[in-house]
């Protein structure tokens, strides 16, 4: 079994915020698989499913707020006996331009506090992750305000392309795992 985690924050004020990019992708994956209402457990919402190729998966949206995501992830991973190498985390990254996706199997959190929480809770840097570029804030905008701000309309219109690329990467990872080094850019930044 493998687990896919999308990072974000609960509450209607965060629905289309940049910081909820991971949650937006989980919502997309759940729709693609035709899954219904999630179960509430592990401090979040989760779904059990199989990919079209029959790989058993757990999808998780921690409700712990971004900085405490590790608590939810480690609880689910222990319950299902999923090793850190079989946990794929999707999260926003202001160091990447909007529309750029980058996959890695190991490394630091790169300043992303939700990923830092997960790495700390799982006790390893060897946790696969897909960073979703949201672009850097303009010079006059604080990083926290930027990530909690909403995607503008032009970027929301490009979001289905990001969903499709992330879905293809997820299926590849769930299948043979040969995704290391995957990087793509879908647009010019909107």
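Structure notes:
Yes/no matrix, rows are residues, columns are (1) part of a helix (DSSP H, G or I); (2) closer than 15 Å to residue 20 by Cα; (3) modelled with pLDDT of 95 or more:
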position	(1), (2), (3)
139	no, no, no
146	yes, yes, yes
158	yes, no, no
164	yes, no, no
171	yes, no, no
174	yes, no, no
177	no, no, no
180	no, no, no
190	no, no, no
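- Residues of region 10-36 satisfying the condition of being outside any helix (DSSP H, G or I), within 19 Å of residue 131 (Cα to Cα) and either without any contact (Cβ under 8 Å) to a residue 40 or more places away in the chain or out of contact with any strand residue (DSSP E or B) (no Cβ under 7 Å at 6 or more places or on another chain) (or both): 15
- Candidate set: region 72-94, residues that are over 23 Å from residue 40 (Cβ atoms) and touching a helix residue (DSSP H, G or I) at 6+ places or on another chain (Cβ under 7 Å); chosen: the one surrounded by the most Cβ atoms within 10 Å (Cβ to Cβ): 92
- Residues being in a helix (DSSP H, G or I) and more than 16 Å from the chain's Cα centre (by Cα) - total across region 53-76: 1
- Among the criteria (1) closer than 20 Å to residue 105 by Cα; (2) surrounded by fewer than 23 Cβ atoms within 10 Å (Cβ to Cβ), the one residue 52 does not fulfil is (1).
- Residue in region 125-135 that is more than 19 Å from residue 166 (Cβ to Cβ) and modelled with pLDDT of 95 or more present: yes
- Filtering 135, 120, 114 for residues that are touching a residue at least 40 places away in the same chain (Cβ under 8 Å) and either within 23 Å of residue 158 (Cα to Cα) or out of contact with any helix residue (DSSP H, G or I) (no Cβ under 8 Å at 6 or more places or on another chain) (or both) leaves a single hit, 135.
- Checklist (1) within 21 Å of residue 101 (Cα to Cα); (2) part of a strand (DSSP E or B) applied to residue 45, failing item: (1)
The values are calculated or read from the model by the stated rules, or taken from the named source; none is laboratory data. Worth saying up front: this structure is predicted, and the values here are computed from it rather than measured. Because the Cβ atoms are built from the backbone with ideal geometry, glycine has one as well, and the counts that use them run over all protein chains shown.
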